[in-house]
Amino acid sequence: MGKLSKYGSVSRVALSAALLTMMVPLGAGAEEAPPVEDIPVVETTEETPAASDVKKTGEMLVTSERDNAGLLEQQPSSLLFGMKKPLLETARSATFVSEETMAAYGVTTVDDLAAISPGTFTGSFYGVEGALNVRGLTAETYFHGFKRIENRGTYQTPLGATSRVDILRGPPTANFGPGKVGGLLNLEPKTAKISDEAGYMTEVSGEVTGTLGSYGKKNGSFQAGIPLNFGNTAGGVYVYGEIEDSESYYRDIEPEHQLLQTTAQFETLNGWTYGGGAMYYNSEGYVQTPGWNRVTQNLIDNSTYITGTNSAMIDANANGYIDRSELPAGGLTQAPECFGFCNINPAYLALDTGVGTTQLSHRDVYTSDADFSDTKTLTFYGDLLKSFGNGDELKFQVFYDSLENQRFVSYGFPADYDAFTVEGRTSYTGDVKLKDSPVVLSYNVGASHRYYNANKKESFNYGGIALDRRDLSAGATANDTLGSPFIAGSGYTWDYDNKSIWNDTGIYAMADLNLDETWLITLTGRYDWYDVKANDTGALCYCTTGPQSDKDGAFTYSGMLMYKTPAGIRPYVSYAKTSAIEFGQAGDVSPTNIARKNWLSEGDLSEAGIKLEAFNGILTGSLAAYLQHRTVLDTVGGGVDETEGKGVELELRYLATKNLSFTFAGNVQKTKFLGSYDAFYYFTPATFGYNPANYYGAGLVGYSFSNIAGITGDSYYSGEIEDRRIPEMVASLYATYTTDKYEWGHAGTTWGVRYVSETAGLASAPVKYPDYFVVQASAYADFKDWRLALNVDNVLDQEYYTPLQDLYGDVAVLPSKGREWRATATYRF
């Protein structure tokens with residue numbers, strides 16, 4: 001990819017210019033905001049508001065009238081930044097996504113958020129949309145401001161019970177706790193509180209929704225808010241329930257889930273607010289799939305797939321799968337870096353039956369009847385807040401999250417995760433303003449303690465994984481389906497059985513200085529004391545054995561500066577230094593990392609940008625350029641690799657008229673592994689100059705990616721490696737049109753297009769996945785009590801490909817889903 005200047009290729013510049021110029025003319029000829037002088041003004045008296053307040057109110061009304069897609073943040077939130085500040089006045093790159101925007105844009109999974117937020121393109125986590133990628137790396141998921149259990153493709157993160165989504169690019173703020181550079185996703189649950197100004201719901205109301213769609217899509221949900229007022233207390237309860245029982249575009253994947261969420265919040269006249277919530281989620285059928293195997297350029301360009309099987313390994317006892325005893329001695333993993341000393345028996349290497357080619361459908365991916373993934377999560381939170389007469393607040397919060405997941409992928413990867421976390425947090429926020437001084441100081445100080453307990457069981461070291469053995473055109477057979485520890489008598493054991501406990505106790509302070517509404521300065525600092533323990537008793541973990549423990553501490557900090565100009569242009573700069581624990585798939589800490597003392601890693605972020613709020617808030621947006629350093633854990637070998645990411649992000653939201661609005665989200669980026677990339681990795685036969693059909697019976701691996709330089713003679717492998725699995729450029733342009741409100745109701749439609757540039761694997765001469773455009777569309781008709789909606793994904797039935805994000809990034813790829821539709825009927829009461 002080269003330096004950032006390389007992004008200036010003619011095609012990419014032309015694309016960006018075209019997308020932006022589509023937006024600007026519409027504003028020039030569109031309905032303009034009425035002058036504030038034309039808004040009726042009440043003459044000022046001692047009891048009436050000042051003229052400046054009326055002017056501001058008039059501007060807000062005009063802007064609010066146009067915001068039919070929920071694009072603007074209606075009120076500042078203290079959740080992300082510790083103090084109540086609008087995103088447009090915060091010197092950090094962040095995106096707010098409302099419930100209305102998610103409905104208009106057809107957002108149902110975290111991957112869909114890339115249409116709204118720049119820098120959030122997410123590669124395939126085995127086809128399961130669990131975690132978001134932000135700025136080229138995996139982001140952490142938070143709920144009501146608290147970090148959840150790790151979810152890297154374990155289950156599909158539910159969004160239906162969410163009132164708003166916040167995407168923060170960069171590290172967590174000090175009040176959230178320690179975390180990695182890159183970004184985070186925060187989900188805020190629905191409650192009976194409408195807003196700080198509007199208060200709580202005043203009558204029982206809710207809705208029932210049913211959705212039917214292509215490929216057996218079936219989803220139903222129910223939600224209701226119940227106001228509860230007694231004595232000097234006002235508040236309410238909100239309940240949300242959802243059931244999914246669907247099939248999928250991909251054959252043999254049939255996801256099901258059930259979700260129930262309840263929240264309650266109450267406020268008293270003497271300043272106390274108390275509340276909490278619980279969410280239960282159960283799913284099955286969200287099985288992991290690598291997508292297509294036997295990846296070649298001919299497969300990507302022409303859908304031409306190499307067929308054939310190897311007949312040496314058979315299900316001799318006819319029990320439907322390969323027992324451990326039926327695997328060849330030494331397994332099916334071959335490492336060329338051993339120079340022949342760890343090769344497998346040649347009889348198991350080559351395809352010898354039905355060798356040829358065929359055309360492969362995007363619907364046919366790597367699945368079998370033996371695959372499963374069953375998940376249960378349980379989440380609680382509780383808040384107790386005391387508001388004082390001077391505006392200060394004292395807050396006590398508790399949080400609990402648990403995960404149970406059992407999964408199996410028939411190429412030979414079983415896993416069993418059981419983890420839970422408990423966190424307590426206390427904070428005090430307030431403002432200090434000196435008399436006759438233009439300086440206002442807002443502050444947030446607090447302390448927190450997080451406890452994390454995880455038991456991770458996995459098996460892959462036994463050497464049986466060889467993705468290319470299965471012929472996808474023929475489907476799964478007993479001869480390419482492996483057994484697992486879940487099957488008694490199969491002979492398989494857990495290679496890893498890691499029991500990990502860690503504690504994090506931290507204190508923090510945040511200060512925000514507002515100098516005459518012109519200069520905004522934010523300083524934060526946090527210190528954490530860590531205590532980690534782990535013991536892996538797996539049968540073949542290749543890890544440090546016996547109980548391991550360690551303690552350490554780390555100071556993290558950030559500084560932000562913004563200048564507010566009268567024109568609504570707000571340049572800013574920020575810098576952050578972070579530290580974070582290196583987690584495994586279940587949020588566990590490896591005993592090997594503890595023994596090596598590399599379980600705690602550092603990161604940093606430098607960012608400069610501009611926030612924009614023009615024409616009374618009709619045009620808002622942000623431009624950010626960043627340089628970040630972050631580590632990535634090799635979950636197989638236990639090594640920690642350093643990465644550097646840099647990029648530019650642009651986000652614009654334009655309320656052109658009271659009927660028409662536009663959004664643009666785009667970024668260019670480059671992420672690379674510094675020094676050398678030393679993780680365990682799978683390679684295609686072509687990497688070593690082999691005939692693919694002669695080696696598809698084995699899994700070709702590098703114990704260290706950089707060691708492949710000595711095998712191939714290509715120094716590329718021992719140097720800095722660019723992560724081409726993440727596209728250099730992603731851009732999306734969406735338009736929403738809503739009619740005026742009539743006696744019968746109103747209607748609207750949203751159309752959008754997203755561009756994703758070329759991607760590829762990590763190898764020196766990888767298979768390349770072409771760039772593509774995808775068109776999305778939705779329409780609705782609102783008849784007051786009833787709302788009918790239609791969403792169409794991939795309108796033009798575009799074929800494209802998404803690489804995997806881990807060690808299979810060169811040997812498997814997820815083909816795109818075709819055109820899909822879903823129709824939703826909602827009844828409100």
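The values are calculated or read from the model by the stated rules, or taken from the named source; none is laboratory data. What you are looking at is a predicted structure, and each value in this text was computed from that prediction instead of being measured. Because the Cβ atoms are built from the backbone with ideal geometry, glycine has one as well, and the counts that use them run over all protein chains shown. For the accessible areas, the whole protein counts, side chains as well, though only heavy atoms, and no ligand, DNA or RNA atoms are used. Shrake-Rupley method; radii C 1.70, N 1.55, O 1.52, S 1.80 Å.
From the square roots a ≥ b ≥ c of the eigenvalues of the alpha-carbon gyration tensor of region 440-514, which class results: rounded (a/c under 1.5), prolate (a/b over b/c), or oblate?
Here region 440-514 falls in the prolate category.
At 1.4 Å probe size, with every protein chain present, just tell me what the per residue accessible area of region 278-382 comes to in Å².
41
Determine ³J(HN,Hα), in whole Hz, for all residues of region 460-468 in sequence, where each value follows from phi through the Karplus function 6.51 cos²θ - 1.76 cosθ + 1.60 and θ = phi - 60°; x replaces Gly and Pro.
3J(HN,Hα) across region 460-468, in whole Hz: 7, 6, 5, x, x, 7, 8, 4, 7.
Arrange the peptides 303-313, 207-217 so that the one whose residues have, on average, the most other Cβ atoms within 10 Å appears first.
Top to bottom by mean Cβ count within 10 Å: 303-313, 207-217.
How much accessible area per residue does region 58-114 have, in Å², with a 1.4 Å probe?
33
Could you rank E728, E582 by how accessible they are, 1.4 Å probe, largest area first?
Most to least solvent-accessible, the answer reads E728, E582.
Which chymotrypsin sites (Phe, Trp or Tyr not before Pro) in region 717-796 sit in a loop by DSSP (not H, G, I, E or B) and have at most 16 other Cβ atoms within 10 Å of their own Cβ?
Passing both the DSSP loop test and the Cβ count: Y742, W744.
How large a share of the accessible area of the chain, in percent, is made up of carbon and sulfur atoms when the probe is 1.4 Å and the other protein chains stay in place?
Carbon with sulfur: 56 percent of the solvent-accessible area.
Answer rounded, prolate or oblate for region 154-259, using the Cα gyration tensor with square roots of eigenvalues a ≥ b ≥ c: rounded when a/c is under 1.5, else prolate when a/b is larger than b/c, else oblate.
Since a/c reaches 1.5 but b/c is at least a/b, the shape of region 154-259 is classed as oblate.
By the scheme Lys and Arg +1, Asp and Glu -1, what is the net charge of all other residues having a beta-carbon under 14 Å from that of N461?
Residues close to N461 contribute a combined charge of -2.
Can you give the angle from 0 to 90° between the axis of helix 51-66 and the longest principal axis of the chain, with both taken from C-alpha atoms, to the nearest 10?
40
Can you tell me the relative contact order of the chain? Whole percent, Cα pairs under 8 Å, sequence separation 6 or more.
13
Can you check how the C-alpha radius of gyration of region 656-815 compares to 2.2 N^0.38 Å, as a plain ratio?
Dividing the Cα Rg of region 656-815 by 2.2 N^0.38 Å gives 1.50.
At a 10 angstrom cut-off on C-beta neighbours, averaged per residue, how do the peptides 618-629, 358-369 rank from highest to lowest?
Highest-to-lowest ranking by the protection proxy: 618-629, 358-369.
Taking the Cα atoms only, what angle lies between the long axis of helix 10-29 and the longest principal axis of the chain, rounded to 10 degrees?
Rounded to the nearest ten degrees, it is 20.
In Å², what does the accessible area per residue of region 598-663 work out to with a 1.4 Å probe?
Accessible area per residue, region 598-663: 32 Å².
If you plug each phi of region 741-750 into the Karplus form 6.51 cos²θ - 1.76 cosθ + 1.60 with θ = phi - 60°, what whole-Hz ³J(HN,Hα) values come out, in order, with x for Gly and Pro?
Ordered by residue, 3J(HN,Hα) equals 8, 10, 4, 7, x, 7, 9, x, 8, 10 Hz.
Could you list which residues have their amide H under 5 Å from that of V813, counting only those 5 or more apart in sequence or on another chain, with H placed in the peptide plane?
W292
Please give the peptides 504-514, 426-436 ranked by average Cβ packing (other Cβ atoms within 10 Å per residue), highest first, as a rough proxy for protection.
Peptide ranking by packing, descending: 504-514, 426-436.
What does the C-alpha gyration tensor say about the overall shape of region 368-425? Classify as rounded when a/c is under 1.5, otherwise prolate if a/b is larger than b/c, or oblate.
prolate
What's the center-to-center distance, using Cα atoms, between region 164-240 and region 467-515 in Å?
29
Normalised by the number of residues in region 274-399, what is the relative contact order in percent for Cα pairs under 8 Å and 6+ residues apart?
42
Quick one: of the DSSP bridges fully inside the chain, what percent are antiparallel, nearest 5?
Around 95 percent of the beta bridges assigned by DSSP in the chain are antiparallel ones.
Please report Rg over Rh for the chain, where both radii come from the alpha carbon positions and Rh follows the Kirkwood definition.
My calculation puts Rg/Rh at 0.97.
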